[in-house]
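So the structure is just underneath, and the comments pick up after that.
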Amino acid sequence: MTAHDGEDTIFTAGIGRLVREAALTEYLLHTVLVELDGAEHAYAHEAGLTGTQFVNRCVKRIQQLDGARVNPAARDALLVDLEACKAAFEERHRFVHGTWTYDPETCQWWMVKGRRDGGKTPEVAPAGSASPQQLAAEFRRLNARLFWHLADRDDPWMVTKRV
């Protein structure tokens, strides 16, 4: 076993945990959107969206809601957490859709990924072996926050939330 093998194991396990935590975040964001839209059939409501699309739809819906239906302080906290989710998903895309190679000289991973913005050069970025685990921990923190927004009945973000 080489040093690279150990780094590969750490990195790959981190990617697995990252994907699992991000999937839970998508599920919770879908639940937030269902609550915001008051959807009757939750599993059929906008079920095919990605995490970033869920965030964008939630933000748009919150901005459309009548101020009388929304607790401003709780709404603002939810919006902060939604923006943090969006940033985390952007980073997740690099890990999941990028091509990674380990450089033993610098002891770090290098990612190469095409750009969606029409750029002529690919995106290139370094990461440490623990970086996917760190992002997974951020998703875990966001999952707890989203769950709290959904479960908090003492200070709900939706005043007319269904029970």
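The values are calculated or read from the model by the stated rules, or taken from the named source; none is laboratory data. As the structure is a computational prediction, the values presented were derived from the model and not from experiment. Please note: Cβ atoms are built from the backbone with ideal geometry, for glycine as well, and neighbour counts cover all protein chains shown. Ligands, DNA and RNA are excluded from the accessible area calculation, which covers all protein heavy atoms including side chains. Shrake-Rupley method; radii C 1.70, N 1.55, O 1.52, S 1.80 Å.
Looking across the range 6-38, just one residue is in contact with a helix residue (DSSP H, G or I) (Cβ under 8 Å, 6 or more places away or on another chain) and free of Cβ contacts under 8 Å to residues at least 24 places away in the same chain, and that is Val34.
Just one of Ala13, Ala22 is at pLDDT 90 or above, farther than 22 Å from Ala84 by Cβ and within 19 Å of the chain's Cα centre (by Cα); which is it?
Selected residue: Ala13, the only one of Ala13, Ala22 that is at pLDDT 90 or above, farther than 22 Å from Ala84 by Cβ and within 19 Å of the chain's Cα centre (by Cα).
Cβ contacts < 9 Å: first residue free of Cβ contacts under 8 Å to residues at least 12 places away in the same chain and under 15 Å from Leu28 (Cβ atoms), restricted to the range 41-70; second residue open to solvent by 60 Å² or more (accessible area, probe 1.4 Å) and assigned to a loop (DSSP other than H, G, I, E, B), any location; separation 6+ or different chain. Result? Here the result reads Gln53/Glu46, each pair linking the range 41-70 to a residue that is open to solvent by 60 Å² or more (accessible area, probe 1.4 Å) and assigned to a loop (DSSP other than H, G, I, E, B). Inspection of the range 82-94 finds no residue satisfying the criterion of being farther than 15 Å from Thr25 by Cα and of a type in the set (A, V, I, L, M).
Would you say Phe139 is in contact with a Ser or Thr (Cβ under 8 Å, 6 or more places away or on another chain) and part of a helix (DSSP H, G or I)? Yes. For the range 22-31, the count of residues that are of a type in the set (D, E, K, R), within 30 Å of Gln108 (Cα to Cα) and out of contact with any Asp or Glu (no Cβ under 6 Å at 6 or more places or on another chain) is at least one.
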